[in-house]
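The values are calculated or read from the model by the stated rules, or taken from the named source; none is laboratory data. Computed from a predicted model, the values in this text were never measured in an experiment. Neighbour counts are summed over all protein chains in view; Cβ atoms, including those assigned to glycine, are modelled from backbone coordinates with ideal geometry. Only protein heavy atoms, including side chains, enter the accessible area calculation; ligands, DNA and RNA are left aside. Shrake-Rupley method; radii C 1.70, N 1.55, O 1.52, S 1.80 Å.
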Amino acid sequence: MTATVMDGKATLAAIKGELAERVAALAARGVTPGLGTVLVGDDPGSHWYVGAKHRDCASIGVTSIRRDLPATASQAQVEEVIDELNADPKCTGFLVQQPTGLDEFALLSRVSPDKDVDGLHPVNLGKLVLGQSGPLPCTPVGALELLRRYAVPVDGAEIVVIGRGLTVGRPLGLLLTRRSENATVTLCHTGTRDLASHTRRADIIIAAAGVPGLVTADMVRPGAAVLDVGVSRVDGKIAGDIAPDVAGVAGFLTPNPGGVGPMTRAMLLTNVVEAAERHADAEMARQAGAGLDS
Ligand SMILES: Nc1nc2c(c(=O)[nH]1)N[C@@H](CN(C=O)c1ccc(C(=O)N[C@@H](CCC(=O)O)C(=O)O)cc1)CN2
């Protein structure tokens, strides 16, 4: 069997085209979305991710506000920048690039939930738990969107998620078990005794463990969809969690790079546009309430 490649790069391009139309509609209402990023330190990977996010924004008409701080920045200095972006009307949404090496819970909690485009603020994660609408974490919803666009059925599917991290594995479990998605999820982690016994009966495997080559062909049911979210560097190159021999067994497979990574950026752009749309609607309602619309 040769797996169908779930192309995240091509899907990002398609989503950008769709979002550019929504940005144009916002411009007609006098609103320009603006993404803010807060980057601490000089990790080359983080610099690349932030640069890519701003290039994506420029390509669809979203303006950029970039705050880069040195590795020596203190918690208080980063919190000051967050306060600035919370108050800046040109910044309709922003994020703190992780990792920062600081108290990330305190930083995430300080971002205004209305401007949280990562969907990682405790209020927005709480909404996900409660099944309320709100911005969703970018990588989990990116993986789900890729499955949707390749028509891989999720409703009723047995899905094994590997990894319980706060940005991917844990919210993925919450997302996929919502009534609207209706999947049965097994969340595996370093304490899982027999990983292969779980993956072998999965319709969909989503690996976010950061262990190169963790999932091998013998662990995959023929025809299963396999998504690789693992990012490790081996000899300077990205190495995912999925071993190359899985391509001969899986029905659908994401490349890595070129799979879920670009989808993370696509869903960030979606959250940025949606935050600006909510902002525009709230402003219109405020003006109508104040009798300013006539
Ligand atoms: N505040 C956040 N920090 C981090 C998040 C996040 O969602 N919010 N996730 C990751 C990094 N990340 C986004 O920030 C991210 C990961 C991967 C990609 C991507 O496009 N990757 C490319 C390859 C890039 C390369 O060559 O290095 C791909 O997979 O094709 C974009 C964004 C941690 N931090």
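Of the residues examined, residue 250 is not one that is surrounded by 24 or more Cβ atoms within 10 Å (Cβ to Cβ) and under 30 Å from residue 65 (Cα atoms).
Do the conditions hold for residue 193, that is, is it away from the ligand (no atom under 13 Å from the Cβ) and open to solvent by 20 Å² or more (accessible area, probe 1.4 Å)? First the steps, then the outcome.
Values: away from the ligand (no atom under 13 Å from the Cβ): yes; open to solvent by 20 Å² or more (accessible area, probe 1.4 Å): yes.
For residue 193, the condition - away from the ligand (no atom under 13 Å from the Cβ) and open to solvent by 20 Å² or more (accessible area, probe 1.4 Å) - is met.
Looking only at segment 50-65, which residues are within 12 Å of the ligand (Cβ to nearest atom), in contact (Cβ under 8 Å) with a residue 60 or more places away in the chain and not basic (Lys, Arg)? Scanning segment 50-65 gives 52, 56. Listed by first and then second residue, the pairs linking a residue in segment 208-227 that is surrounded by fewer than 22 Cβ atoms within 10 Å (Cβ to Cβ) to a residue that is aliphatic (A, V, I, L, M), with Cβ atoms under 6 Å apart and 6 or more places separating them unless they lie on different chains, are 212/234; 212/239; 213/243; 216/243; 217/246; 217/249; 222/249.
Kindly indicate whether residue 276 is outside the structural domain of residue 223 (by TED's automatic domain parsing), away from the ligand (no atom under 13 Å from the Cβ), in contact with a Leu (Cβ under 7 Å, 6 or more places away or on another chain) and not charged (D, E, K, R). For residue 276, the condition - outside the structural domain of residue 223 (by TED's automatic domain parsing), away from the ligand (no atom under 13 Å from the Cβ), in contact with a Leu (Cβ under 7 Å, 6 or more places away or on another chain) and not charged (D, E, K, R) - is met. Note on segment 76-105: among residues that are in contact with a helix residue (DSSP H, G or I) (Cβ under 7 Å, 6 or more places away or on another chain) and open to solvent by 30 Å² or more (accessible area, probe 1.4 Å), the one that is farthest from residue 165 (Cα to Cα) is 86.
The set of residues from segment 115-135 being aliphatic (A, V, I, L, M) and either outside any loop (DSSP other than H, G, I, E, B) or open to solvent by 30 Å² or more (accessible area, probe 1.4 Å) (or both) comprises 123, 125, 128, 129, 130. Tell me, which residue of segment 243-258 that is part of a loop (DSSP other than H, G, I, E, B) and not aliphatic (A, V, I, L, M) is farthest from the ligand (Cβ to nearest atom)? Once the filter is applied, the top-ranked residue is 251.
Which one is least open to solvent (accessible area, probe 1.4 Å), of the residues in segment 15-29 that are in contact (Cβ under 8 Å) with a residue 24 or more places away in the chain and small (Gly, Ala, Ser)? My answer is 20.
Applying the criterion of being under 20 Å from the mean Cα position of the chain (by Cα) and free of Cβ contacts under 8 Å to residues at least 40 places away in the same chain to the residues of segment 234-249, the residue that is farthest from residue 48 (Cα to Cα) is 242.
Of all residues in segment 64-90, count the ones that are assigned to a loop (DSSP other than H, G, I, E, B) and in contact with a Ser or Thr (Cβ under 9 Å, 6 or more places away or on another chain).
As a first pass, look at segment 64-90 and keep what is assigned to a loop (DSSP other than H, G, I, E, B): 70-74, 88-90.
Cutting the leftovers down to in contact with a Ser or Thr (Cβ under 9 Å, 6 or more places away or on another chain) gives us 73, 90.
Final tally of qualifying residues: 2.
Of everything listed in (1) within 30 Å of residue 277 (Cβ to Cβ); (2) assigned to a helix (DSSP H, G or I); (3) more than 17 Å from the chain's Cα centre (by Cα), the single unmet condition for residue 198 is (1). For segment 250-282, a residue qualifies if it is charged (D, E, K, R) and either free of Cβ contacts under 8 Å to residues at least 12 places away in the same chain or in contact with a Phe, Trp or Tyr (Cβ under 9 Å, 6 or more places away or on another chain) (or both), and the qualifying residues are 265, 281.
Among the residues of this structure, residue 162 counts as one that is in contact with a Cys (Cβ under 7 Å, 6 or more places away or on another chain) and crowded, with 18+ Cβ neighbours inside 10 Å.
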